[in-house]
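Step one of this worksheet: look at the structure below.
The values are calculated or read from the model by the stated rules, or taken from the named source; none is laboratory data. Just so it is clear, the structure is predicted and the values come from calculations on it, not from any experiment. Methodologically, a virtual Cβ is constructed for each residue, glycine included, from the backbone with ideal geometry; neighbour enumeration extends over all protein chains shown. For the accessible areas, the whole protein counts, side chains as well, though only heavy atoms, and no ligand, DNA or RNA atoms are used. Shrake-Rupley method; radii C 1.70, N 1.55, O 1.52, S 1.80 Å.
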Amino acid sequence: MTDTGADAIASPLYGEKLTLSYESRQVTRALDVRIPAGRITAIVGPNACGKSTLLRALARLLAPQSGRVVLHGRDIRSYPTREVARMLGLLPQSPVAPPGICVADLVARGRFPHQTLLRQWSEQDERAVLAAMRQTQVDALAEQPVDALSGGQRQRVWLAMAIAQETPILLLDEPTTFLDIAHQYDLLELCRRLNRDGGRTLVMVLHDLNQAARYADHIIAMKAGTILATGAPAEVITPELIESVFGIRSLVVPDPVTGTPMVVPVAGGAHE
């Protein structure tokens, strides 16, 4: 694995020697990963390489077979569940809403970690929910049942719930799924604002390399359960790395808008 300096960056969340499995199938073995504080990290790689599995382990949804996930200096398993949920939010793949629930009520569930017997619903909770719905452009749908929405609308509602949770770390598993191209870029711009204006640490599993290169500060490139490279987009997104990870030949040129790496596949460049 090539590491271009992540260890030198303060990391509020990292994994040590993570071996992750589903039943009898081992997905990763002795994986080390660090998430830089205050940055946007994109995890990229082909299907079934372990990206979402790694994200689930970082979110404490999947217990490692061996190794550990560390959150703010402590094994993540040592925290009470509610405390983890105040520090770390997750937008999973294909979440399922309770039947009949309306948009505002689903987004409000993002405030549950902040509720206690002594602290019930407050004006702060209300403000957080309304702000999250405005940011994701679902405020006009507040009274609509979630199961009546389009796939893209539902995705934005789930993102609103994660934003309303107001955690300093936010994990997003393929957040652009179901979104058309305009809403994909709207969402990624929102993620950038959450990072730049709010100082949140974001980790996103993305399939689009050009989106990852444009919006992420830090790239983790995976293949077959291993991390092949980590670092800034300009250091990781190279023709050699793309051929090694994805098996395609490409050119990498500067994006004419942002100057970030832009991948241009070469016709007939795929390997069997």
Problem - Within a Gaussian network of the chain (alpha carbon springs, distance under 10 Å), most fluctuating of Ser52, Ser122, Ser24 - result: Ser24
Problem - Calculated log₁₀ intensity ratio I(q)/I(0) where the Debye formula runs over C-alpha points of the stretch 1-159, q = 0.13, 0.15, 0.20 Å⁻¹ - result: -0.78, -0.98, -1.28
Problem - Sequence-separation-based contact order of the chain, relative, with Cα cut under 8 Å and 6+ spacing, percent - result: 24
Handout entry: Probe 1.4 Å, accessible area per residue of the stretch 18-143, Å²
Key = 51
Fill in the blank from the handout: Length gained if Phe178 through Lys17 is fully extended, taking 0.36 nm per residue and subtracting the Cα-Cα distance, is 54.6 nm
Problem - Descending semi-axes in whole angstrom, ellipsoid equivalent of the chain, from the Cα gyration tensor - result: 31, 23, 17
Handout entry: Protection-proxy order for peptides 90-99, 73-82, 227-236, 10-19, each taking the mean of Cβ atoms within 10 Å per residue, highest first
Key = 227-236, 10-19, 90-99, 73-82
Handout entry: Label point distance in nm, Glu235-Gln120, each placed 7 Å from Cα along Cα→Cβ
Key = 5.2
Exercise for the section: With a 1.4 Å probe and every protein chain kept in, tell me what percent of the accessible surface of the stretch 127-272 is carbon plus sulfur. Expected result: 54
Handout entry: the stretch 145-229, accessible area per residue, ligands and nucleic acids excluded (1.4 Å, Å²)
Key = 34
Handout entry: Alpha-carbon centroid distance for the pair the stretch 36-82 / the stretch 89-118, whole angstrom
Key = 21
Completion exercise
Counting Lys and Arg as +1 and Asp and Glu as -1 over every other residue whose Cβ sits under 14 Å from the Cβ of Leu55, the net charge comes to +1
Problem - the stretch 139-190: mean projected area of Cα convex hull, nm² - result: 3.9
Fill in the blank from the handout: Listed residues Val253, Val146, Val103; largest mean-square fluctuation, Gaussian network over the chain with Cα springs below 10 Å, found at Val253
Completion exercise
Per GNM of the chain with C-alpha springs under 10 angstrom, the most fluctuating residue out of Asp32, Asp147, Asp197 is Asp197
